[in-house]
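Chemist: Okay, here's the structure, questions in a sec.
The values are calculated or read from the model by the stated rules, or taken from the named source; none is laboratory data. Quick caveat, the model's predicted, so the values are computed rather than measured. A quick note on method: Cβ atoms are made from the backbone with ideal geometry, for glycine too, and the neighbour counts reach across all protein chains shown. We work out accessible area using only protein heavy atoms, side chains counted, and drop any ligands, DNA or RNA first. Shrake-Rupley method; radii C 1.70, N 1.55, O 1.52, S 1.80 Å.
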Amino acid sequence: MSMRRDEYQAKLGFALFIASLTMFFLAGLVGFAVIRFSGSVLSIPVATIPWPLFLGTLSMLSVSWMLHRSVGAVRRERQAEFRQWLRTAVILAIFFMVYQALGLSVLLDRHDESRIARILTPQYGVAFFLIFVHALHVVGGMAFLGWIVYFAQKEVYDHEKHWTVDICALYWHFLDIVWIVMLGTFLLSR
C-alpha cells in the first residue's frame, strides 16, 4: 500500500514539475519571438543553426528510444537487456552534451562577431539562454539516469516495481519535445 502511495505522489510531483517547465520554456520562446520580430531591433536571421545542434537532436532522440526500450525490457523481466539499453542511453546522453557544448560555442562566436560588426542581435542571447537552460535540464536528466543505472545494477527494478524508470523515460521524452519545439521555433523565425 505504501509503495502505491509513493508512486502516486512521485507521479503527481513529476506532472507538476513538467507543467512548470513547460510554462517556463513557452515563456522563453515567446520572448524569443517578440525580440526576433520586434521592429525596433535590427536583427539577422538565426537560420544558420550550428550543425552540432542537429547532431545533438539525433543523439537526444536516440536516448529517448533507448529509455523506451529499457522500460519495455524491465516490464518483461529481461534484466540484462534492460541494463544494456540504459548503458547505451547514458553514452548517447553524453554525446548530446558534447554536441550541445559545441553548438553553444558556435552561437557565442557568432554573437561576438555580430557585436564586432555593431549589429544588435539579442535573439542570439535569448537562443543561447534557452539552449543553455535546456542543457542544464539534460544534466539533471543525466543525474536521474545515472541513479536509475546504479539501482538497475543492484537489480532493484522488476516487472512490478519500475515506476522510477518510467518517470525517467518520460522526462527524457519531455526534453525531446522541448528541444524539437525550440529548434523548430529557431528555424521558423528566420
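Residues checked against (1) farther than 17 Å from residue 70 by Cα; (2) crowded, with 22+ Cβ neighbours inside 10 Å; (3) within 9 Å of the chain's Cα centre (by Cα):
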{"residue": "144", "(1), (2), (3)": "no, no, no"}
{"residue": "147", "(1), (2), (3)": "no, no, no"}
{"residue": "169", "(1), (2), (3)": "no, yes, no"}
{"residue": "172", "(1), (2), (3)": "no, yes, yes"}
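Chemist: Please determine whether any residue of segment 150-163 is part of a helix (DSSP H, G or I), at pLDDT below 85 and out of contact with any strand residue (DSSP E or B) (no Cβ under 8 Å at 6 or more places or on another chain).
Modeler: No, the conditions are met nowhere in segment 150-163.
Chemist: When you scan segment 64-113, how many residues do you find that are under 19 Å from residue 165 (Cβ atoms), among the charged types (D, E, K, R) and in a helix (DSSP H, G or I)?
Modeler: 5
Chemist: Can you name every residue in segment 58-78 that is touching a residue at least 12 places away in the same chain (Cβ under 8 Å), closer than 30 Å to residue 109 by Cα and open to solvent by 20 Å² or more (accessible area, probe 1.4 Å)?
Modeler: Across segment 58-78, the qualifying residues are 61, 62.
Chemist: Right, another one. Give me the residue from segment 7-41 that is at pLDDT 85 or above and either outside any helix (DSSP H, G or I) or among the polar types (S, T, N, Q) (or both) and, out of that set, farthest from residue 128 (Cα to Cα).
Modeler: Among residues in segment 7-41 that are at pLDDT 85 or above and either outside any helix (DSSP H, G or I) or among the polar types (S, T, N, Q) (or both), the one farthest from residue 128 (Cα to Cα) is 9.
Chemist: Which members of segment 174-190 meet the condition of being more than 14 Å from residue 26 (Cα to Cα) and open to solvent by 80 Å² or more (accessible area, probe 1.4 Å)?
Modeler: Narrowing segment 174-190 to residues more than 14 Å from residue 26 (Cα to Cα): 176, 187-190.
Across segment 174-190, the qualifying residues are 188, 190.
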